[in-house]
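Shown next, in structure tokens, is the structure this report addresses.
The values are calculated or read from the model by the stated rules, or taken from the named source; none is laboratory data. Just so it is clear, the structure is predicted and the values come from calculations on it, not from any experiment. Because the Cβ atoms are built from the backbone with ideal geometry, glycine has one as well, and the counts that use them run over all protein chains shown.
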Amino acid sequence: MRNHIWSGKCPRCHKGDIFKYPLSQLTRFAAMNKECPVCGAPFVPEPGFYYGAMFISYTFTVAIMVAVWLVLYVFVNPSDWVYGLALVLGAALFSPISFRLSRVLWLYWFGGHKHNS
Ligand SMILES: [Zn+2]
């Protein structure tokens, strides 16, 4: 099941893609399918369904910034502006991933889909 979440697969059939494009197409990372192209499970059960996912995304962002800070602190110990730059860069680079992962998790947790397998 973890792999289905990482690859953004449908929570019901685990085959259809939740997002329209692969993550490599960075400019279109937010485009979602409205329903599963394979089994028709709704990916947007109600308007505003994904507001709560922002909190997960926010938590991810904080976690990645703490991780970046910790790595720098332990291994590099750079000057303050390097910390700032690395934290902003780290959060920015990670944002498409945290955006997607938070929405997939939200859909798995609260989308009301039963896992068939
Ligand atoms: Zn499906």
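Of everything in region 4-20, what is over 14 Å from the mean Cα position of the chain (by Cα) and under 17 Å from Ser98 (Cβ atoms)? Give them in sequence order.
Matches in region 4-20: none.
Which condition does Pro45 not pass, out of (1) without any contact (Cβ under 8 Å) to a residue 60 or more places away in the chain; (2) over 16 Å from Ile5 (Cα atoms); (3) within 16 Å of the ligand (Cβ to nearest atom), if it passes all the others?
So Pro45 meets the others, but not (1).
Among the residues of region 35-50, which ones are assigned to a loop (DSSP other than H, G, I, E, B) and either of a type in the set (Phe, Trp, Tyr) or touching a Cys at 6+ places or on another chain (Cβ under 8 Å) (or both)? Working first, answer last.
Start the filter on region 35-50 by keeping residues that are assigned to a loop (DSSP other than H, G, I, E, B), which leaves 36-41, 43-48.
Correct list: Cys36, Val38, Cys39, Ala41, Phe43.
Return the only residue of Arg28, Arg12 being farther than 19 Å from Tyr108 by Cβ, surrounded by 12 or more Cβ atoms within 10 Å (Cβ to Cβ), out of contact with any strand residue (DSSP E or B) (no Cβ under 7 Å at 6 or more places or on another chain) and among the basic types (Lys, Arg).
Arg28
State the number of residues belonging to region 7-38 that are of a type in the set (A, V, I, L, M), within 14 Å of the ligand (Cβ to nearest atom) and under 20 Å from Phe49 (Cα atoms).
Quick first cut of region 7-38, residues of a type in the set (A, V, I, L, M) only: 18, 23, 26, 30-32, 38.
Checking the rest, the ones that are also within 14 Å of the ligand (Cβ to nearest atom) come to 18, 32, 38.
Checking the rest, the ones that are also under 20 Å from Phe49 (Cα atoms) come to 18, 32.
Here the count works out to 2.
Inspect region 68-88 for any residue being part of a helix (DSSP H, G or I) and either under 19 Å from His4 (Cβ atoms) or in contact with a Gly (Cβ under 8 Å, 6 or more places away or on another chain) (or both) and give the result as yes or no.
Scanning region 68-88, I find at least one residue that is part of a helix (DSSP H, G or I) and either under 19 Å from His4 (Cβ atoms) or in contact with a Gly (Cβ under 8 Å, 6 or more places away or on another chain) (or both), so the answer is yes.
State all residues of region 95-105 that are within 12 Å of Thr59 (Cβ to Cβ) and not small (Gly, Ala, Ser); if no residue qualifies, say none.
Hits for region 95-105 are Leu101, Leu105.
Tell me, please, whether a residue that is among the hydrophobic types (A, V, I, L, M, F, W, C), within 16 Å of the ligand (Cβ to nearest atom), touching a Phe, Trp or Tyr at 6+ places or on another chain (Cβ under 9 Å) and under 18 Å from Phe99 (Cα atoms) can be found in region 59-78. Even if it seems obvious, please write down each step before you answer.
Taking region 59-78 as the starting set, the residues that turn out to be among the hydrophobic types (A, V, I, L, M, F, W, C) are 60, 62-72, 74-76.
Subset that is within 16 Å of the ligand (Cβ to nearest atom): none.
For region 59-78, residues among the hydrophobic types (A, V, I, L, M, F, W, C), within 16 Å of the ligand (Cβ to nearest atom), touching a Phe, Trp or Tyr at 6+ places or on another chain (Cβ under 9 Å) and under 18 Å from Phe99 (Cα atoms): absent.
Which ones in region 1-23 are of a type in the set (A, V, I, L, M) and within 21 Å of Gly112 (Cβ to Cβ)?
Of region 1-23, the ones of a type in the set (A, V, I, L, M) are 1, 5, 18, 23.
Matches in region 1-23: Met1, Ile5, Ile18.
Condition first: surrounded by 15 or more Cβ atoms within 10 Å (Cβ to Cβ), of a type in the set (Ser, Thr, Tyr) and at pLDDT below 95. Now tell me which residues in region 58-104 satisfy that.
Once the filter is applied, which keeps residues that are surrounded by 15 or more Cβ atoms within 10 Å (Cβ to Cβ), of a type in the set (Ser, Thr, Tyr) and at pLDDT below 95, region 58-104 yields Thr61, Tyr83, Ser95, Ser98.
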